[in-house]
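Scroll down for the structure; my scribbles are underneath it.
The values are calculated or read from the model by the stated rules, or taken from the named source; none is laboratory data. All figures in this text were calculated on a predicted structure; none of them were measured in a lab. Counting neighbours? That spans all protein chains shown, and the Cβs are built from the backbone with ideal geometry, glycine included. Heavy atoms of the whole protein, side chains included, go into the accessibility calculation; ligands, DNA and RNA do not. Shrake-Rupley method; radii C 1.70, N 1.55, O 1.52, S 1.80 Å.
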4 protein chains.
Amino acid sequence: MSTFEHIGVIVKNGDPRIHDTVSALLLDLRNRAVTVHLDQSLGTVGFADAQLLPRNALGEQCDLVIVVGGDGTLLDAARSLAHFGIPLLGVNVGRLGFLVDIYPEDMPAQLDAVFSGQYQIEYRNMLHGRISRGDVEFAAGVALNDVVIHSDEAIRMIEFDTRIDGQLVNHQRADGIIVSTPTGSTAYALSGGGPILQPGIEAVSLVPICPHTLSSRPIVVNADSEITLLLSAQSRTNARVAFDGHLNIKIQADDVVTISPYAHRMQLIHPKNHDYYAILRKKLRWSEQP
Amino acid sequence: MSTFEHIGVIVKNGDPRIHDTVSALLLDLRNRAVTVHLDQSLGTVGFADAQLLPRNALGEQCDLVIVVGGDGTLLDAARSLAHFGIPLLGVNVGRLGFLVDIYPEDMPAQLDAVFSGQYQIEYRNMLHGRISRGDVEFAAGVALNDVVIHSDEAIRMIEFDTRIDGQLVNHQRADGIIVSTPTGSTAYALSGGGPILQPGIEAVSLVPICPHTLSSRPIVVNADSEITLLLSAQSRTNARVAFDGHLNIKIQADDVVTISPYAHRMQLIHPKNHDYYAILRKKLRWSEQP
Amino acid sequence: MSTFEHIGVIVKNGDPRIHDTVSALLLDLRNRAVTVHLDQSLGTVGFADAQLLPRNALGEQCDLVIVVGGDGTLLDAARSLAHFGIPLLGVNVGRLGFLVDIYPEDMPAQLDAVFSGQYQIEYRNMLHGRISRGDVEFAAGVALNDVVIHSDEAIRMIEFDTRIDGQLVNHQRADGIIVSTPTGSTAYALSGGGPILQPGIEAVSLVPICPHTLSSRPIVVNADSEITLLLSAQSRTNARVAFDGHLNIKIQADDVVTISPYAHRMQLIHPKNHDYYAILRKKLRWSEQP
Amino acid sequence: MSTFEHIGVIVKNGDPRIHDTVSALLLDLRNRAVTVHLDQSLGTVGFADAQLLPRNALGEQCDLVIVVGGDGTLLDAARSLAHFGIPLLGVNVGRLGFLVDIYPEDMPAQLDAVFSGQYQIEYRNMLHGRISRGDVEFAAGVALNDVVIHSDEAIRMIEFDTRIDGQLVNHQRADGIIVSTPTGSTAYALSGGGPILQPGIEAVSLVPICPHTLSSRPIVVNADSEITLLLSAQSRTNARVAFDGHLNIKIQADDVVTISPYAHRMQLIHPKNHDYYAILRKKLRWSEQP
């Protein structure tokens, strides 16, 4: 008897390779004692025999959501569903992902395992960013990977102050800065030269993007830190704030971005034999020998 | 007896701190047996007693151009005047510069030295970039620091192939790439993690910007290499090509940027006691001890 | 009324500049209602009027230990005294230290503050390393900064496997590896290119030393991880294991170094206005602008 | 008709896998109109029918030397033979090499090509290092990869001044420094974080090893620079100077290491289709995508 009865399915938008995998998944689920709800965006794809629901209703009614796509699709699901406390399961279509780790060919066996309770559940910290101008908080967002402040003009540096729990860390000139969770440490923060953070660690890294100084270095701080980034009055360009690469909210001098832990964590279901370091070695060819 | 008789003066635009230095310079030059021509952009500043000339006429008529401003002003002068073969002399207003190395307070003594032939002349390589779509070369530019290809959308990677003299170097996903002269190696290429190149070296560095792989590394190639960068068809975003941070020409998939040595070099006049490494240590606090 | 009654004093060995500071400290302490015990190594220095004690007795009898010297002296005190649970207070003689943050000229005022209860106490994690050959654990050590495995021959790489809580992380060829606490993140791990870890964070970083691959990157793991490093049979040289740069125990192929959290933490007393980031900026010229 | 008539053969010492390849090579050479001379170290291996010669005699009598082994064997041959001006050809046994690029299975065809003049010849710069105490030059060496100064005690920094053509570059505290040719830029200099230098470039890189500062960066200078490294009087440990990882000459405070271009270059024969970047991508997995 399964613990999961109401299953949501979210599918990567507009990827034709995905159709067969979704068909197989829906067929498989039909044979289990579960109700299936499709994310509304799926409507166009033409799987007629399951109930279409808007994302929020999916969150309210499901006790498991299966995401078919890549890490980007799962990031999107996490941002919209984390506050419902539903676990996510990722089926990978395309390149190996860090978050979506079930392969289509292994799907039947892995679903058997999951529906019989053979799985691990992992909790991933998320970030909450709020943006203020003067006394007014005019925008906010949630991220599983990272909150990034980036110059609004390519090849123009911004200037900003970083504070941790109210204490000045430094004043920097750079293309921007990445505030990254452990999950995000293998994404854009990696490109910026940041360290890899073990998934479960209660830490956040601050990784400057192309800092115009020799003496910059990533710093890793407590996950519960309140990080404030102030776009300096000397900054010659505006900036944008992105949450997992989305939203891209425009900010100007003296605007403040405050980043703190999000109240909810993403729950990620892995097969029992999940091996983070093996994925790291395979996907990033980490420390591979010449 | 001076070797320089026709002196051009180019001044940083719109910087109020500069007025006194320019006045002092013009007064000083009046006492020397030289003709002074002002860059036309100076007209608004109100130095009435010298002939205003457009940049090109300045290039044709002068045998020395004095630049008052920062490194950016001198970069601009170099791009527009290098093909006239005129030496440039930089008077620094503001922060210490790598290229403009005479301080206002030292100006009289340094000008005495220069006009009596006590100076060193340094030749700096420049880059020539041409951009093609299919068979049509639709844009081109010149750079003293760097030619940069950068994603047109912040936090979206581009994909591109790099070739040196026709040979494939690699295929990369990154925010962009910096092709830098030795002069540019202490500018944006430094922010990207590139090595410092000694000013006179016949070399160009290729520095990826936020490469999404662990195994990237800057490469230094011969100054006479022909470097071609092809924006890949898989690239999900367009890109821009900047020359010393200017022009910002938009390119799309399959466009090719070809970078080769510029036919002219910038001639930079330094005081006799010019010490590149001292500037490096002072400006970048290079290798300074904790 | 002071909370500290039995004060131990440990002094950097053989540093002549230190004598005046120690004299002033002892004079100051004589005017407070405390008993002073000198670390035995001080005997030679000639401060006759306080009781000399071996380090262990100092640990048993004191409720505060004042360390006069540099970070190295305090590291040494921490390794020998942490298990007694006594707080340490550092008086700096020489260059600015991260751990010893009271200056001789501020000593009287700072001691007034500390003895009247005006101080912060900080807890710093330490590491415990055990070294085994076959079934026999033949050596062990404690570190406040780092446990380092290093090739026993300069410019000869070692090969080793890293495991975290039993899971293989990777197999590397490098000059060695640094396992660093947050305290050590500004010491040798910084030289190896590791990130800065905020002092209080429950994390440990693994920083390879000169890895012979492009695809290496520091990783940050939970402070309670059990890290095992196995010197590989393919390794062509022996290695040494150092604890805060000391002991230097020789190991050979198939030896295993197991690093886990030390059962005790170092207690460090800071003045109320202690500012970690200010020290970072000052000492490392962190993110300082050109 | 072949241009090469006297062929020397040098073989990696003590590698049993190599015997078959050497036998096949000698058999192949017997069928060509050439005289074969074996490096004396081969004597023990038991190839009786060719003349054994000491290394120097090999250099004097041969017009081509074939090296069977890995990059290390070829480095050794280069150091001892470069001044004779003989081209070297590398047959690879073991892992892919940068310098030895003929595989045993391709040997017959590649030898046909080489003996009929179908090859490219590449000239690689080498370094000459001289070590002085006071006025006495007490040691010297030659390197194809790098001259490395390294602390004589693991995990103890040295302090040293670097000068280029007499000008002070900086004063550093680090584990050491690597002075690398383009050939060496994919060897130890790579481990130290240095840039890749295109093989033919007239450049040398200076790469600090574990510098204890945030503001260090590799610098690339002209190949004809005279680089002097002075072990500082403040240095708390002695150091060693290695040439391609060999010799390891002990130096003490105030000793000076002077590195300048070696008067001879190594001549390396490549098959016509030699592709440096392909080897780079394959061997270092350079810029490979996740």
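So which residues in segment B:68-79 are open to solvent by 10 Å² or more (accessible area, probe 1.4 Å) and either part of a strand (DSSP E or B) or under 15 Å from B:LEU38 (Cα atoms) (or both), if there are any at all? Result: B:THR73, single match.
Of the set (1) touching an Asp or Glu at 6+ places or on another chain (Cβ under 8 Å); (2) open to solvent by 10 Å² or more (accessible area, probe 1.4 Å), all apply to D:TYR103 but (1).
Scanning segment D:183-211 for residues that are farther than 22 Å from C:ARG156 by Cβ and either open to solvent by 10 Å² or more (accessible area, probe 1.4 Å) or in a loop (DSSP other than H, G, I, E, B) (or both) gives D:PRO195, D:GLN198, D:PRO199, D:GLY200, D:ILE201, D:GLU202.
Restricting attention to segment B:209-232, the residues that are farther than 30 Å from A:LEU284 by Cα and within 11 Å of another protein chain (Cβ to nearest Cβ) total 4. Just one of the listed residues (A:ALA187, A:ALA154) is within 14 Å of chain D (Cβ to nearest Cβ) and within 20 Å of A:ILE249 (Cβ to Cβ), namely A:ALA187.
In segment A:41-67, the residue that is modelled with the lowest pLDDT out of those that are assigned to a helix (DSSP H, G or I) and within 24 Å of A:ASP101 (Cα to Cα) is A:VAL45. Criterion first (open to solvent by less than 60 Å² (accessible area, probe 1.4 Å), in contact with a strand residue (DSSP E or B) (Cβ under 8 Å, 6 or more places away or on another chain) and farther than 15 Å from A:GLY8 by Cβ) does A:ARG124 satisfy it? Against the criterion (open to solvent by less than 60 Å² (accessible area, probe 1.4 Å), in contact with a strand residue (DSSP E or B) (Cβ under 8 Å, 6 or more places away or on another chain) and farther than 15 Å from A:GLY8 by Cβ), A:ARG124 qualifies. Just one of the listed residues (B:LYS283, B:LYS272) is touching a residue at least 40 places away in the same chain (Cβ under 8 Å), more than 19 Å from the chain's Cα centre (by Cα) and closer than 30 Å to B:ASP112 by Cβ, namely B:LYS272.
Counting only residues that are among the β-branched types (Val, Ile, Thr) and at pLDDT below 95, segment C:210-232 holds 1 of them. Of the residues making up segment D:166-182, one or more are within 26 Å of C:ILE196 (Cβ to Cβ), charged (D, E, K, R) and surrounded by 24 or more Cβ atoms within 10 Å (Cβ to Cβ).
When each of B:ASP152, B:ASP135 is tested for being open to solvent by 30 Å² or more (accessible area, probe 1.4 Å) and within 22 Å of A:ASP146 (Cβ to Cβ), the lone residue that passes is B:ASP152. Being within 14 Å of chain D (Cβ to nearest Cβ), touching a Pro at 6+ places or on another chain (Cβ under 8 Å) and either of a type in the set (Ser, Thr, Tyr) or more than 19 Å from B:CYS210 (Cα to Cα) (or both), is that true of even one residue in segment A:278-287? Yes.
Residue under question is C:ALA113, and the condition is that it be under 22 Å from C:PHE98 (Cβ atoms) and small (Gly, Ala, Ser); does it hold?
yes
Take the conditions in contact (Cβ under 8 Å) with a residue 24 or more places away in the chain and in contact with a Phe, Trp or Tyr (Cβ under 7 Å, 6 or more places away or on another chain) and apply them to C:VAL11. Does it pass? No, not satisfied.
So is B:LEU38 farther than 26 Å from B:HIS128 by Cα, within 22 Å of the chain's Cα centre (by Cα), of a type in the set (A, V, I, L, M) and part of a loop (DSSP other than H, G, I, E, B) or not? No, not satisfied.
When the residues of segment A:81-98 are filtered to those that are within 18 Å of A:LEU58 (Cβ to Cβ) and aliphatic (A, V, I, L, M), which remaining residue is surrounded by the most Cβ atoms within 10 Å (Cβ to Cβ)?
Ranking the candidates gives A:VAL91 first.
Condition check ((1) modelled with pLDDT under 95; (2) farther than 26 Å from C:LEU206 by Cβ) across all residues:
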| position | (1), (2) |
| --- | --- |
| A:GLN110 | yes, yes |
| A:LEU127 | no, no |
| A:ARG130 | no, yes |
| A:PHE138 | no, yes |
| A:VAL142 | no, yes |
| A:MET157 | yes, yes |
| A:GLY176 | no, yes |
| A:SER185 | no, no |
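Among the residues of segment A:138-174, those identified as of a type outside the set (Val, Ile, Thr), in a strand (DSSP E or B) and within 22 Å of the chain's Cα centre (by Cα) are A:ALA139, A:ALA140, A:GLY141, A:ALA143, A:ASP146, A:HIS150, A:SER151.
Figure legend. Inter-residue proximity from segment C:15-32: first residues assigned to a loop (DSSP other than H, G, I, E, B), second residues at pLDDT 90 or above, beta-carbon distance below 7 Å, spacing 6+ or different chains. Indicated pairs: C:ASP15/C:GLY69; C:ARG32/C:PHE115. Among the residues that make up segment A:191-199, is at least one of them more than 7 Å from every other protein chain (Cβ to nearest Cβ) and hydroxyl-bearing (Ser, Thr, Tyr)? Looking for residues that are more than 7 Å from every other protein chain (Cβ to nearest Cβ) and hydroxyl-bearing (Ser, Thr, Tyr), one finds none in segment A:191-199, hence no. Could you run through segment A:263-283 and say how many residues are open to solvent by 20 Å² or more (accessible area, probe 1.4 Å) and touching a Leu at 6+ places or on another chain (Cβ under 6 Å)? Qualifying residue count for the region: 1. Take the conditions (1) part of a helix (DSSP H, G or I); (2) touching a residue at least 40 places away in the same chain (Cβ under 8 Å); C:ILE121 misses just one of them, which is (1).
A:GLU202 - would you say it is touching a residue at least 40 places away in the same chain (Cβ under 8 Å) and closer than 24 Å to A:ASP135 by Cβ? Spelling it out, it is not the case that A:GLU202 is touching a residue at least 40 places away in the same chain (Cβ under 8 Å) and closer than 24 Å to A:ASP135 by Cβ. Applying the criterion of at least 3 residues that are within 17 Å of C:ARG163 (Cα to Cα) and not polar (S, T, N, Q) to the strands (runs of 3 or more DSSP E) found wholly in segment C:224-266 leaves C:227-231, C:256-261. Whenever a residue of segment B:233-252 is within 10 Å of chain A (Cβ to nearest Cβ), its partners that are open to solvent by less than 30 Å² (accessible area, probe 1.4 Å) and among the polar types (S, T, N, Q), lying with C-beta atoms within less than 6 angstrom and at least six residues away or across chains, give the pairs B:ALA239/B:SER151; B:ASP244/B:ASN145.
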